[in-house]
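Asks: Structure below; questions to follow.
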Amino acid sequence: MKMEIPDSNQKNVFQLKGINLILKELSQDGSELLTNWEALINNALSLANSLFHILFLSLAEKAELEELATQLWNKVVILKSKKCLSALSLTKARHVAFQVVTHLYESNNDEMTIKKHVIMALKTARAWIDCKEWENAEKVLYIFHQAIQKLQHISKEKKAFNLTTEAFKKEKYEIDTDIFQGLCLSAELKFAQSQLNEAKLMVAKAKEFMQGTFPNKAGFLSLLCHNFGVDSFKDKQFGEGVFWLKESYQLGKDADDVSTSTQASTLRLLANCYMEEKNTDWIENAFNAIHLANKIDPHPAGIYLKLQLNVLDEEPNLNLILASLQEMLHHKDSSIDLVLNALHLLKKHQISSVAFQLRLEILKKFEFHPDYGLLLVTMLDSFLTESDGEFAKTFSQECIIAHNTIGRLDGATLKRFHILFWSKAAEMFENENYSGSITWYNYSLSLYSSLSPSEPNLGKLHRNLATCYLLVGETAKASTAIELSEKCEPNNAHAQYISFKVALATNDWEKAIKSLNQLVNCSPKDDDTNNIICLAAHSALEQEKSELAIPALECLINHSKDSKHILIAIRCLLRLLITEIEENERLSVNNAISKVRTAYNKILVIKANNELSSAELEDEALWFMKIAWNLAIKYRDDVYAVKELFNLCYQLLTLCSLNIGNYIQSNHCLLMSCAACLQIVKNEQDKSLVQDVLEEVLKNIEQYRQGEQRIEKYIWAQVSPNFILGVQTKSSQEEKLLHLYKFQALLKLNDARAETVIDSALLLPNSDPKLFHTFAAAALDPTVNNAKLGAKALKISIRLHLEASTPDYVKCSADLRNLIELVMNRNEEEEALIYLEEAVGVIDKAKGLYPEIEIVWLMTRSWNYGLLQYNCCKYPEAEKWCCKSIKFLKYLSSAKENYEEQMITLYQDLLARATSGEE
């Protein structure tokens, strides 16, 4: 009867068949070249790791599987030597072979099989550790320890069965050797996993085995501890590094296979750990370690460490430092790299004076070395850190002399020297030590083989010297230096700027202007050039040389592409121009007007490009608006300037946010511009210009009306009714001025719409006679002489006077007189008589308030006109006029007696003649 195979075992069988097939494929020659090699290995690894206790396999099947695993193991050894596969891939294959063997002989107690198993475990664990696969390595080592325990048990049993002493010792030695190797691997694994205490424990156990059984392994264990110390140092675990390195040194003392150089290397690293750890007594411990290292192997690195320790001492002894440096130089294996490191060390701790004492010896030792130039540069850099700089100056002078007499420095070294000289000069310049800066720039100049303009950076060097000379007051040397710079780079903006500053310092205006013009012509016109022009203007302003600052600012305004810079320049320029105009009344304000207009155009550009915030933009616009407003007020006698300035004020205000204040000020600007325009028309002879100016008045009025519409929308957009009720956007006076200016412009343009302005004005609230009196005066101006509109305006004015609750009879009488005079001059007799009759009614209504002199005028004017008719024998007409005249007589008081008798007598005669028809 057949035994049934349990499900788990059945699954195991399938796994074994699978791994059997994979092992066959992997063991074949050339299998490593298969594209699916990695997949096969991973699959085999997965199957091997999942195997359970293997049962129900015949000896033949086991032997076949073992043979395949052994073939794979051997193949891994061959492939490892060929280095054709990755270490991880080979380790996986090794682990598959090891795992199969482990499962095959899990319950096997055969000594040879277990020994084979132990060897495979050690090699597999080693491989996993090298691949940094700690978990797999730990699993393998666990199996290793199980196998070792079996061997130890077998060994004890054999001893009990009278195994000879020599054979037992040999067998124990072999087992202890394996245990030692396993402990070393375990220590390495625990160290890698940062389980430092466990690593130390493993090393201690390995040390016990070594001391009792095979002291010849001390060198191996010393090397292991040394490596732990190196890794600890790299990981900055300096305390751990000290432990491992001390352990390594102690183990190596009695090991024949550990050389003195290796021991010295361990001690040097130990000294480094002490220096980095800086624990209690670290300096003493480090000195002890390095002293011992140098005693057993006087290596240059050890001498350098001694130098380093002397430098790091709390109270550095310069003599000891000097001695260490000399010892390093005299060592036969001393390298230039070590000396360079020493120089850097001395520089860092600012004790380069030691190196300065040995500079000639250092240079002599390495004079033929390829890095000799680097050595020179490093030494100079080191000496430059000294506070007084004398070492660096002396060394620089020696190098310059050698360069110009013995042998020239190579290009790379020269470049580095120039950089160091310039850096030191710049440092001096920043500290306002301009004389020192000149010294270092001159050192740089001394290294040039020629002063040809084609030499790189020579122009800039001369500019730097010129700047320094200028600052120390040596203008002659500054002038010479900048001339040399201009020869090198004639179109350099910086050179022209410095030339401008030199001219300023020497009051050479002609040279300054020339330099400024050349500065403007420098190309390209980049931001750097514009900044330099700005600096030139600033320099002139600082020295209160406005006659040079003005053209400099003009250049900046005309050539800069930066709108913000231009606005700043215009601000400065306007202040200067206004000051000049105030000091010299003969200067025109037109230049200032031009600059305000430029500012307006630039603000437009800034607004279009969103270069400023709305608030910043408004600040700029308001600043220039105030300037224009103040100029307009100051130069109010120049009507042309006033017109332009108020126009600019209005334009600038349009760039500001809409609010009541800006709106009211805009209206004032338009009204003031209209007034200036009408003043211009009075004296201007150019008809074309007059036409343009009058149309400008009408345009301003139209803009005023458009502004009214905008502000009305703004007001209604406010949410508060109280805001709307409290707003007063214009006065009645402004409305009257608008009508008056429009009326005058239309009159002078001979535009029929002028009459509609009178009609419109009549509809204004609180319309008063004065406005129409002014209308009449404008209409009757000799340049216009529009009697029709004049008469209409006078009539309205008179009517408004009489409709007033308290009529102003003085002003009313003047309008009435003007109206009568107007119609009489036009020989409109009937109309004049009507107005005279109306005048009588007004006088009668006035109750003595009508001016008597005006009554006398009306009386004499009508009487004289009657006499004129009388003299022309027009007696009926004469009688009408004289009759009107006599009606005024009764309203006279004191003057009545002077006229009454004569007028009545003459009137009676005139009446008789008119009745009889006699001449």
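Asks: How much net charge surrounds S423 when only the other residues with a Cβ under 12 Å from the Cβ of S423 are counted, with Lys and Arg +1 and Asp and Glu -1?
Replies: Values: positive: R416, K424; negative: D381, E427, E430.
It works out to a net charge of -1.
Asks: Do any of K24/K150; K24/K83; K278/K365 go past 28 Å between their Cα atoms, and which? Before the final figure, lay out each step's value.
Replies: Numbers: K24/K150 31 Å; K24/K83 22 Å; K278/K365 35 Å.
Distance filter (> 28 Å) returns K24/K150; K278/K365.
Asks: Give me S107, S353 ranked fewest to most by other Cβ atoms within 10 Å of their Cβ, as a rough exposure proxy.
Replies: On the way: S107 8, S353 16.
With the fewest neighbours first, S107, S353 line up as S107, S353.
Asks: Also, I was wondering about something else. Count charges around A323 for me, please; just the other residues with Cβ under 15 Å from its Cβ, Lys/Arg as +1, Asp/Glu as -1. All intermediate terms of the calculation are to be shown ahead of the outcome.
Replies: On the way: positive: K306; negative: D313, E327, E361.
The answer is -2.
Asks: Please compute the Kirkwood hydrodynamic radius over the stretch 404-477, one decimal place, Å, based on all pairs of different Cα atoms.
Replies: Values: mean 1/r = 0.0779 Å⁻¹.
About 12.8 Å for the stretch 404-477.
Asks: Ranked highest first by average number of other Cβ atoms within 10 Å, how do 808-815, 428-435, 21-28 line up? Each step should come with its number before you reach the end.
Replies: Details: 808-815: 19.6, 428-435: 14.1, 21-28: 18.0.
The peptides rank, most packed first, as 808-815, 21-28, 428-435.
Asks: Let me ask something else about it. Over the stretch 822-919, what is the relative contact order in percent, taking alpha-carbon pairs closer than 8 angstrom and at least six residues apart?
Replies: Values: 81 pairs, mean separation 24.6, N = 98.
The value is 25 percent.
Asks: Suppose a student asked you for the relative contact order of the chain, using Cα pairs under 8 Å spaced at least 6 residues apart; what percent would you report? The partial results should precede the final answer.
Replies: Working: 980 pairs, mean separation 26.0, N = 919.
The value is 3 percent.
Asks: Could you work out the pair-distance distribution P(r) of the stretch 289-445 from its alpha-carbon pairs, with 10 angstrom bin width and percents rounded to whole numbers?
Replies: 10, 38, 31, 16, 4, 0
Asks: With the Cα gyration tensor of the chain in hand, convert its eigenvalues to equivalent ellipsoid semi-axes via √(5λ) and list them largest first in whole Å. Present the calculation step by step, with values, prior to reporting the outcome.
Replies: Working: eigenvalues 2832, 426, 100 Å².
With the √(5λ) rule applied to the chain, the semi-axes are 119, 46, 22 Å.
Asks: Arranged from highest to lowest average of other beta-carbon atoms within 10 Å per residue, in what order do the peptides 461-470, 533-542 appear?
Replies: Working: 461-470: 24.5, 533-542: 21.2.
The most tightly packed comes first, giving 461-470, 533-542.
Asks: For T266, T394, T385, T905, what's the fewest-to-most ordering of other Cβ within 10 Å of each Cβ? Write out the running numbers ahead of the final one.
Replies: Details: T266 28, T394 13, T385 16, T905 10.
Fewest-to-most ranking of T266, T394, T385, T905: T905, T394, T385, T266.
Asks: If the cut-off is 25 Å between C-alpha atoms, which lysines fall inside it for K477, apart from same-chain ones fewer than 8 positions away?
Replies: Once the sequence-local lysines are set aside, what remains near K477 is K393, K424, K460, K487, K501, K511, K514, K545.
Asks: Which whole-Hz ³J(HN,Hα) couplings does the stretch 403-411 yield from phi under the Karplus relation 6.51 cos²θ - 1.76 cosθ + 1.60, θ = phi - 60°, glycine and proline marked x?
Replies: 5, 8, 10, 8, x, 6, 6, 5, x
Asks: Can I ask one more? Can you spot the lysines whose alpha carbon is less than 17 Å from K561's alpha carbon? Ignore those fewer than 8 places along the same chain.
Replies: Within reach: K525, K595, K602, K607.
Asks: Still on this structure, I have one more. What is the order of V840, V502, fewest Cβ neighbours within 10 Å to most? If you can, show how the numbers build up before the last one.
Replies: Working: V840 16, V502 25.
Result, fewest neighbours first: V840, V502.
Asks: What's the lysine pair count for the stretch 822-919 at a Cα cut-off below 24 Å, pairs eight or more apart or interchain?
Replies: Value for the stretch 822-919: 15.
Asks: If you don't mind, another one. E821 label point, 7 Å along Cα→Cβ, cut-off 16 Å on backbone N: hits in the stretch 747-783?
Replies: Only 773-783 pass the distance filter.
Asks: Helix-derived [θ] at 222 nm for the chain: sum -39500 (n - 2.57) over DSSP H runs of at least 4, divide by residue count, nearest 500? Provide the component values of the computation, followed by the final result.
Replies: Values: 43 runs with 714 residues, N = 919.
That calculation yields -26000 deg cm²/dmol at 222 nm.
Asks: Suppose each label sits 7 Å from its Cα in the direction of the beta carbon; what would the S423-R753 distance come out to in nanometres?
Replies: Result: 7.8 nm between the two label points.
Asks: Next question. Once phi is turned into ³J(HN,Hα) by the Karplus curve 6.51 cos²θ - 1.76 cosθ + 1.60 with θ = phi - 60°, what whole-Hz value does each residue of the stretch 568-577 show in order, with x for glycine and proline?
Replies: Working through the residues one at a time gives 5, 4, 5, 4, 4, 5, 4, 4, 5, 5 Hz.
Asks: I need the calculated FRET efficiency for the pair S450 and E430, taking r as the beta carbon distance and R₀ as 41 Å, to the nearest 0.05. Walk me through the intermediate numbers first.
Replies: Numbers: r = 31 Å, r/R0 = 0.75.
Efficiency, rounded to the nearest 0.05: 0.85.
Asks: Give me the aspartates and glutamates in straight-line cross-link reach of K634: C-alpha distance below 15 Å, same-chain residues under 8 apart excluded.
Replies: Result set, ordered by chain and number: E580, E582, E583, E585, E644.
Asks: Between C872 and R710, what FRET efficiency follows from the Cβ-Cβ distance if R0 is 60 Å, with the result rounded to 0.05?
Replies: Taking R0 as 60 Å, the efficiency between C872 and R710 is 0.40.
Asks: Starting from the Kirkwood Rh over alpha-carbon pairs, what translational D in µm² s⁻¹ does the stretch 822-919 have by Stokes-Einstein at 25 °C and 0.890 mPa s? Walk me through the numbers on the way to the answer.
Replies: Working: Rh = 13.7 Å.
Value of D from the Cα-based Kirkwood radius: 179 µm²/s.
Every read-out reported here was derived from the displayed coordinates using simple, explicitly stated rules and does not represent laboratory data. Fair warning: this is a prediction, and the values are worked out from it, not measured in the lab. Counting neighbours? That spans all protein chains shown, and the Cβs are built from the backbone with ideal geometry, glycine included.
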